[in-house]
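Structure first, commentary second.
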Ligand code: ASP
């Protein structure tokens, strides 16, 4: 019997987890107490929590070796440092332009929909909800915001200091410091290209082989992805249920609508007209990575899957994908940038602060810059939001951020999927500009069946 394609397996796991969580919630509520049925529920939640944690740890376990081997083998495989400079410039231009486009979508929507206002006046109910939520918010969330506020709140440039790590081993062991690891790997790889013949070749061969081995480990982890996703999603839905919307409904809608426009209009237009690629075929190729991004809310944890999907399904060479994607997973966050812009202006609206052209311009630039520095981990952008709120002179920023954090997960899952999709679009567009051809170029959109490539056990040799 033909095995179900990976994206279907993950989608079914997502659906089953949602149904199970809602049934458990319906039967026993979300705060299990002492009765035997309720004990069973807390047992299920604890087991899922444990398995989900194992799955996330497995994904995170391979990030550093995957990034280092991919970046080094990708760059040492380029023909000289000249090719690298061209690739780097094209990639950064795409990243900055697409993030800016996303922010502008968010800016227009938040000014049109005005989710923080009620009949043109600050929505006092939301303001009261901010205050109320502060009292009953999860202590873990409160602690996170306090730490972020003390650590990053004042120094706007501190995010960028991470680009040059004091100690690369320290940076590698800290989830938030991947940019430092990437910059170090790039410098190392460029140095390798300057080594005399056999020395350089030996290093390149080593990193190429190590990268292939990491791809194999990724396949093993992906084989258990449906179980991992089920275990991750069930406790989440069980905890939050459908209460998420409430007073913040308009704000949710504004963010999700903005993400949808970027995902279904802006990026597909770029694919079609700049990359000369069928948006539908590209979307199909990326389904496993999109679902993983949605399930894990972490661009970094999704990176192994993104790299496989872009290389094996879409057919982008390792030369381009192994450079653009690791960089993109931390530097290019369109969904996050859009979200930051909407969230900051929403909070200002609720607090009754008028933002003139100058302030909104500052927010756009700040969202663009901080989205580059934000780590590819869940809820990382809340730190950036706090930073922008404080630098925009908005008082009591912490109270608002605690509430945003407590309802963040669904938005985080959605914006992470957009972040990952934008990285993949960049890889395809840059590869096309370098003259590459893809699997689906010769096919009609309907004929393209990417899962055949993804679930094959062979590793692709497309170069
Ligand atoms: N969770 C996002 C990511 O990993 C970052 C964020 O917006 O918080 O891409």
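Scanning the range 386-403 for residues that are within 9 Å of the ligand (Cβ to nearest atom) and either within 27 Å of residue 57 (Cβ to Cβ) or surrounded by 24 or more Cβ atoms within 10 Å (Cβ to Cβ) (or both) turns up nothing. Only one of the listed residues (375, 301) is in a loop (DSSP other than H, G, I, E, B), within 11 Å of the ligand (Cβ to nearest atom) and farther than 23 Å from residue 253 by Cα. That residue is 375.
Against the list (1) more than 30 Å from residue 403 (Cβ to Cβ); (2) touching a residue at least 24 places away in the same chain (Cβ under 8 Å), the condition residue 261 fails is (1).
Can you pull out every residue in the range 105-122 that is out of contact with any helix residue (DSSP H, G or I) (no Cβ under 6 Å at 6 or more places or on another chain) and part of a helix (DSSP H, G or I)? Listed by number, the residues that qualify are 108, 111, 112.
For residue 196, the conditions (1) closer than 30 Å to residue 73 by Cα; (2) surrounded by fewer than 20 Cβ atoms within 10 Å (Cβ to Cβ); (3) touching a helix residue (DSSP H, G or I) at 6+ places or on another chain (Cβ under 9 Å); (4) at pLDDT below 90 are fulfilled apart from (3).
Considering 199, 214, 222, the condition of being free of Cβ contacts under 8 Å to residues at least 12 places away in the same chain and assigned to a helix (DSSP H, G or I) is satisfied by 199 alone. Which one is surrounded by the most Cβ atoms within 10 Å (Cβ to Cβ) among residues in the range 307-326 that are within 12 Å of residue 66 (Cα to Cα) and either within 16 Å of the ligand (Cβ to nearest atom) or without any contact (Cβ under 8 Å) to a residue 24 or more places away in the chain (or both)? Among them, the one singled out is 325.
All of (1) more than 25 Å from the chain's Cα centre (by Cα); (2) within 30 Å of residue 353 (Cβ to Cβ); (3) modelled with pLDDT of 90 or more hold for residue 118 with one exception: (3). Every condition in (1) within 13 Å of the ligand (Cβ to nearest atom); (2) modelled with pLDDT of 85 or more holds for residue 431 except the one numbered (1).
The values are calculated or read from the model by the stated rules, or taken from the named source; none is laboratory data. For clarity, every value in this text was computed on a predicted model and none was experimentally measured. Neighbour counts are summed over all protein chains in view; Cβ atoms, including those assigned to glycine, are modelled from backbone coordinates with ideal geometry.
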